[in-house]
Every structure is written in structure tokens, then in C-alpha cells.
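The values are calculated or read from the model by the stated rules, or taken from the named source; none is laboratory data. Just so it is clear, the model here is predicted, and its values are computed rather than measured. Here Cβ is always computed from backbone atoms with ideal geometry, including for glycine, and neighbour counts include all displayed protein chains. Accessible surface areas use protein heavy atoms only, side chains included; no ligands, DNA or RNA. Shrake-Rupley method; radii C 1.70, N 1.55, O 1.52, S 1.80 Å.
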Amino acid sequence: MNKLISIEAAADLIHDGMTVMCGGFLGVGTPEKIIDALIQKNVKDITLICNDTAFPDKGTGKLVVNHQLKKAIVSHIGTNPETGKQMMEQELIVELVPQGSLAERIRCGGVGLGAVLTRTGIGTDIQKDKPVLHIDGTEYLLETALHADVAIIFASVCDEKGNLIYDGATRNFNPLMAMAADIVIVEAERIVPVGTLNHNEIVTPHIVVDYIVKGA
């Protein structure tokens, strides 16, 4: 199967109202070309699962500025004033999740677990309306798994089969999200023939990657 598709075809896989996971940390390791294509297509009412909403002119922040999000499930929004503005004006639902809990909830969605138990958030606003379990005299929050219709991720190098390598901090949430969505689209900085990659350096295996687009 040839997984390589155009950026326009990738955008056509994402529709209004979908839940979309997007890799990246403040725009590092974010599939910028796919995001630009979604802006061009003007997909609306997206539920975005991402570490953050980046900056107004970078990464997922551009989707916020263009009013394409219905909800954002993120660990922080402080670098994008537009996110806070839309939240305060009740134009955008923002679910703030501690970063480690966010990563674990995504991981649970990828490996078939329903939830994770954590001490993080006990006694804070994070605890509101969430189940609390008592185990051996200790309280734990039950944080449910996260799953998406589509994950758009970034890889530094990808072979034609979809095996992925990440360079440094670009790795961040990308490998977790590749396991937690029905459709996985990778934007690859460089695409190489099968057999070129050192198998010891492959982080995300081709079996979870559905489509590949050429990045910068």
C-alpha cells in the first residue's frame, strides 16, 4: 500500500466536529503544513487534544485564532492570549489537564486501558466532578483515556512504509498520539526508502501509520 498522499488529501480526511490529536510542544514537532491545510479548508468545531495551543502565529494556535476549535484539551494555554480570550468569552471550551496526566490519558487510549489513577490534581480544581478512589488509604483521581478520530503528527524521518524517527524534542507527544487515533497522518520532514533506517532508531512502527505527507 502506498501511504504517501498530498497535503490536500490529508486535509480532506478531517471533517467538521472531529476529535483531532496534534503532536507538538509550543510548535516544536507540530505538523505545520497539515495545520495550514486545515486552515485553508476551514474545518470547524474541532475538539483538539494537544499539549498546548502554541502561539497565535504558530502551530495549533493558528486554529484558535481562526476560530476553528470547539474544545481544547491541553496542559496549558499561557503562550496564546487568544485561547484565554475565547475561553473567557465562552467561545471555546478549555479542559486543562496536568501534562503528565494528559500524556498518560493519551497512552491509555492507545493501549486499550480505560483510565489511569493519579495523585496529581487531588485537592485542586482538577478534581472537580472526577471519581476519587481510595487505595490503601491514599486518594487517587480516575482520569479517563483519550482517543481521537484523527492524529496529525510530525516525524523528522519517515520511510515509505511509515516507520518514524524523531529528532530531539520533536518527539514529545507524537509517538503517544500515533497509537491513540483511528487514523494517523504523519507529516515527514524527510522521506527515505524502506530499509534505509536503522531499526534500533525507529520509535513509531509503520503498523500504526495510515498516511504520509511530505513536510518542509
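With the helix formula -39500 (n - 2.57) applied to DSSP H stretches of n ≥ 4, the chain reaches a computed 222 nm mean residue ellipticity of -5500 deg cm²/dmol. Simple rule: put +1 on each Lys or Arg Cβ and -1 on each Asp or Glu Cβ in the chain, find the dipole, and look at Thr53, Tyr166, Gly100; the Cα lying farthest toward the positive end is Tyr166.
Straight Cα distances below 18 angstrom link Lys41 to the aspartates and glutamates Glu8, Asp12, Asp16, Glu32, Asp57, Asp149, Glu187, with same-chain residues fewer than 8 positions distant left out. For Ile126, the shell of other residues with beta-carbons less than 15 Å away shows a net charge of -2, using +1 for Lys and Arg and -1 for Asp and Glu. The heavy atoms of His206 offer some 60 square angstrom of accessible surface to a 1.4 angstrom probe. Note on Lys130 and Lys214: the extension gain reaches 26.1 nm, defined as 0.36 nm multiplied by sequence separation minus the Cα-Cα distance. If the Kirkwood radius is taken over C-alpha pairs of the chain, then at 37 °C and 0.692 mPa s the Stokes-Einstein diffusion coefficient equals 187 µm²/s.
As a fraction of the 1.4 Å probe accessible area of segment 92-216, surface on carbon and sulfur atoms comes out at 52 percent. Dividing the radius of gyration of the alpha carbons in segment 1-105 by their Kirkwood radius gives 0.97 for Rg/Rh. For segment 56-184, taking Cα atoms only, Rg and Dmax work out to 16.6, 52 Å respectively. Under a Gaussian network description of the chain, with springs only between Cα atoms under 10 Å, the residue in Pro205, Pro193, Pro56 that fluctuates furthest is Pro193.
Looking at segment 59-211 alone, DSSP beta bridges between its own residues are antiparallel in about 40 percent of cases.
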